[in-house]
Structure formats: C-alpha cells, structure tokens
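One structure below.
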Amino acid sequence: EATLNESQSRVDRLLLAALGGLMLFGFAFVYSATMVNEPTGVFQQFRELSFTGFCSWLMGEMFFRQLVWYGLGIGAAVVVCLIDYRSLARFAMVAYWGSIILLVAVLIPGIGSMRFGARRWIDLGFFQFQPSEFAKLAFIVALAHFLSRPAEELRRTDIFWKATGMIALPFLLIMKEPDLGSALVMVPAWIAMLLVSGVPQKFLIRLFTVVGALAALFLVDVLFAPANWQIKLQDYQKRRLLVYFGVDYVPSSGASKADIERLKRQQFDDSHNVRQALISVGSGGLTGKGWRQGTQNALGYLPRAVAHNDFIFSVIAEESGFVGSVIVLTLYGAVLFVGIRIADQARDRLGKLMAVGVVALIFSHVFINIGMNIRLMPVTGVPLPLLSYGGSSVLVSLIAMGLLHNVHTYRRTY
C-alpha cells in the first residue's frame, strides 16, 4: 500500500486537470472564433461531403490543427516526463546553441518567411515553425543548468555577467525579427531564476537601476522628442507605443489640415484592435452571449486574423462572460500554484530553477496577453498558453508543462 501511494504521488492530478481544462477551452473557442460564420458545422460537412472531401476540409480548419498540436504536445510532454530532468539538463547547452542557430537562420531571407512585417517563422510547408518559442524553453533549461553550481561561485561577478549574456543573445536576436513580446517574456523568467539561485541581489539592483533609467529616457525620447531627435524604431512599433500611452499622433504645430486629418484617421485605425477587444470583454456580461454567438467576432469588429490567437481571451470573455473568464483565470492560477509548490518541493537547485523558470514564463504570457486584451499592456503578439491558436506555442507550452511535472515526478529518489 505504501508503494502504491508513493507511485500515485508521482502524478500531480491538479496540474493535469487544469491543463486538460485549458485545452478544452482552447479547442472550443478556437473553433468558435474560426467557425462563427460557417453556415454548416462539422457534422453537416460530414453528411454532405465524401470521406476524402471531408478529410481534406477538416485538415484545412484551424480548430482541427489545434487538436493535432494538442496531441503532439501531449506526446512530447509524456516523453519529457519519462526522462529524469538531470539527464535532460546534460543537453541544455546543446539545445541553447541550437536555438541560437535557428534564431540566426530565421533572419536570413529565403529561410525565414516574412509575415505582417516580421521575419519570425521558418516555413516547413505543413508547419510554420517559430524558433523564438523554442528558444524561450531552451534558455530556461540552459540557465537552470548554468546556475546549479556551488553557492560561493554564484557570488562572483563574472557568473552574473555570464548569466546576463545568456539572455542578452537570444533577446537581441528575437528583437531583430522584430518580436518584442517574445523577447520581453524571457526577462521575468531570468530575474526569478537569478533571485532563487542565490545570486546577490545587489547585482540585479545595479543593473536594473541603469536599465530602468535608460528605458525611461527611451520612452521620453520616443513619445515626446522632436522627430529628428528620436531613436529610430519600426513605424508600427512607435505607433503601438503612442496608442498605449494615449499620445496623439498629431504634432503640436507645423502640420497642415490634411496631415492632421490623416494622422487622426491613422490613430483611430491603429487603436481599433485594442478598442474592439475591450468592447468584446465588456459586452460579455455575467454569463456571456453564448458559444459561437459573439457578435464582435462574427461581424468582424474583432479582426478575424487575430481573434483566434492574440485576442482569444476577448472571444472567451464575450461568449462565456465573467464566469468563463474567471474559470480560465482559475485554471491558470491552479497551474501556477502547482508550479510554485513543485519548485518548493524540488530535491535540488536544478529542479527548483527549472520549475521557477517555467512558472515565470507561463505567468508572463498570461499577464501580458490578458493585459493587452483589457488595455493594461500594449499589443505585443504574445500568445495565451494552450488557448491561442498556434503549433509552436502549443508544443512549447506542453513540453514546458512536461518539464515541470518531471521535476515533481523525480522530487525524491526512488
């Protein structure tokens, strides 16, 4: 009986239940977001089409591909769970440098494909591979492996700067794509892992004092300085910052009436997605308008190109209301709570750091994505783990959860 209980304790049912709930929500609302205007559903298509025609139609639908990614991700997570994380850590630097090579490759024309003004994907035909998603997880495992060293070594300045270099390299390459959101979500994981590892806090305080001052000067320059004094940014990046901080596009003086009207129209258009997302969240009320009954998405006010990924939370909030939103937040809360508990119970610093890194990464994704849906954060294109449509995001999220559960499974020596 003792052996049975010990074996059962190696499976965290709360974590698995929360992940299952998130995947159910993800499948249901990706279906809703992409099929809201389809005159016929799956069963009607099955009756009307031949078997070959139905399979061809099904393979082209996003909700089905999302289900396939769930299946592949679960399989990958199970494989990760079966191998002791200490064995996996031996290949940490191989994975890290492999991800760096891919981040360089995606910037090369002819290898990386250009979409929406950014070069973030490698087109494999059947799959748009996004190296930055895998680089996040490779970075966490590599940093955990690097910091799992004797405590006296962690007090050395060179160790801190090497750990800083480990985030700086992928951060700068991801920014080059450009993909500000994916770069930023790595920072909280880096900070949390350094703090938990035992690196002296004075190193971080000094670094962030300098970085904070530079960031403040950067924002003042971009938002308020004359055009010829401003740091050069991509036009869309600057406009996103202006929209988020509520700064008018129209200059205080020197613009013609035609330019003023043009800039006002452009600012209205640029704020459209965020404005409609906020309307979607607010219009759901207590229990929502009903599954597949969301008018913001159906009528195209919430752009269909982003409704199933960046703004999936707005679709959920509109159709399932406050109740559905709270359920989603509760499921994420359960994942994060279990992750913190796993980190606390880890048998060594390596396991603790891996768990902390995964928890911080998931939290960053959830906070930034939901924040941009309710206008607390600027729009950065960060997916909502397991809910937003996307193969790379789903695979990495489930592999990360497999790694987290691995730390739980091997928290004791059996």
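The values are calculated or read from the model by the stated rules, or taken from the named source; none is laboratory data. Treat the numbers as computed from the prediction; the structure is a model and nothing was measured. Every residue, glycine as well, gets a Cβ built from its backbone with ideal geometry; the counts of neighbours run over all protein chains shown. Just the protein is used for accessible areas: all its heavy atoms, side chains included, with ligands, DNA and RNA removed. Shrake-Rupley method; radii C 1.70, N 1.55, O 1.52, S 1.80 Å.
Sort the following peptides by mean Cβ neighbour count (other Cβ atoms within 10 Å, averaged over residues), highest first: 311-317, 166-172, 399-405.
Packing order, densest peptide first, comes out as 311-317, 399-405, 166-172.
In the calculated pair distance distribution of the range 10-162, what percentage of Cα-Cα distances lie above 24 Å?
Tail of the P(r) past 24 Å holds 57 percent of the pairs.
Pairwise over distinct Cα atoms, reciprocal of the mean inverse distance: report the Kirkwood radius of the chain in Å, one decimal place.
Numbers: mean 1/r = 0.0433 Å⁻¹.
Radius from the Kirkwood sum: 23.1 Å.
Give, in nm to one decimal, the length gained when the segment between GLN45 and ASP248 is fully stretched (0.36 nm per residue of separation minus the Cα-Cα distance).
Going from the current span to full extension adds 68.2 nm.
Kirkwood hydrodynamic radius, computed over distinct alpha-carbon pairs, for the range 82-184: how many Å, to one decimal?
Hydrodynamic radius (Kirkwood, Cα only) of the range 82-184 equals 14.7 Å.
Residue-wise, which Karplus ³J(HN,Hα) couplings in Hz belong to the range 194-203, taking 6.51 cos²θ - 1.76 cosθ + 1.60, θ = phi - 60°, and x for glycine or proline?
Those phi angles translate into 5, 5, 5, 5, x, 4, x, 5, 4, 4 Hz.
How high is the relative contact order of the range 341-414? Use alpha-carbon pairs under 8 Å, at least six apart in sequence, and give a whole percent.
Dividing the mean separation by the residue count of the range 341-414 yields 40 percent.
Can you give me the convex hull volume of the Cα atoms of the range 173-220, divided per residue and expressed in Å³?
83 Å³
What's log10 of I(q)/I(0) for the range 234-325 at q = 0.24 Å⁻¹, Debye sum over Cα points only, no solvent?
-1.08
Looking only at Cα atoms, what is the convex hull volume of the range 332-409 per residue, in Å³?
Hull volume normalised by residue count: 88 Å³.
With the convex hull built on the Cα atoms of the range 270-310, state its orientation-averaged projected area in nm².
Projected area, direction-averaged: 2.9 nm².
Which residue fluctuates most in the GNM of the chain (Cα springs below 10 Å): THR34, THR157, THR209?
THR209
Just reorder LYS162, LYS257 by solvent-accessible area, largest first, 1.4 Å probe, all chains present.
Working: LYS162 110, LYS257 165 Å².
Output order, biggest surface exposure first: LYS257, LYS162.
How do 340-348, 388-396 rank on mean C-beta neighbours within 10 Å, highest first?
388-396, 340-348
At q = 0.14, 0.21, 0.33, 0.35 Å⁻¹, what base-10 log of I(q)/I(0) does the Debye formula yield for the range 300-339 when every alpha carbon is treated as an equal point scatterer in vacuo?
Log10 of I(q)/I(0), two decimals: -0.38, -0.68, -0.98, -1.03.
Fully extended, how many nm does the chain gain between ILE83 and ALA216 (0.36 nm per residue separation, minus their Cα-Cα distance)?
Computed gain between ILE83 and ALA216 is 43.4 nm.
Ignoring ligands, DNA and RNA, please state the percent of accessible area on the chain from carbon and sulfur, probe 1.4 Å. Kindly include the intermediate steps, with their values, before the conclusion.
On the way: 13260 of 19960 Å².
It is 66 percent, rounded to a whole number.
Per residue, how many Å² of accessible area does the range 71-137 show with a 1.4 Å probe? Present the calculation step by step, with values, prior to reporting the outcome.
Details: 3540 Å² over 67 residues.
Each residue of the range 71-137 exposes 53 Å² on average to a 1.4 Å probe.
Please compute the length gained on full extension between PHE54 and VAL68, using 0.36 nm multiplied by the number of residues separating them and subtracting their Cα-Cα distance.
The span from PHE54 to VAL68 would gain 3.4 nm if fully extended.
Could you sort 135-142, 83-90, 95-102 so that the peptide with the highest average Cβ count within 10 Å comes first and the rest follow in order?
Peptide ranking by packing, descending: 135-142, 95-102, 83-90.
What number results when the radius of gyration of the range 289-376, computed over Cα atoms, is divided by 2.2 N^0.38 Å?
Normalised Rg, Cα atoms only: 1.36.
Residue by residue, what Karplus-based ³J(HN,Hα) values in Hz, rounded to whole numbers, does the range 210-219 have, using 6.51, -1.76 and 1.60 with θ = phi - 60° and x for Gly and Pro?
5, 5, x, 5, 5, 5, 5, 5, 4, 5
If I model a spin label as a point 7 Å beyond the Cα along the Cα-Cβ vector, how far apart are those points for ILE279 and ALA17 in nm?
Between ILE279 and ALA17, the simple spin-label model gives 4.0 nm.
Taking each pair of different alpha-carbon atoms in the range 57-96 once, compute 1/r for the pair, average those values, and report the inverse of that mean as the Kirkwood hydrodynamic radius in Å to one decimal.
The Cα-based Kirkwood calculation yields 12.1 Å.
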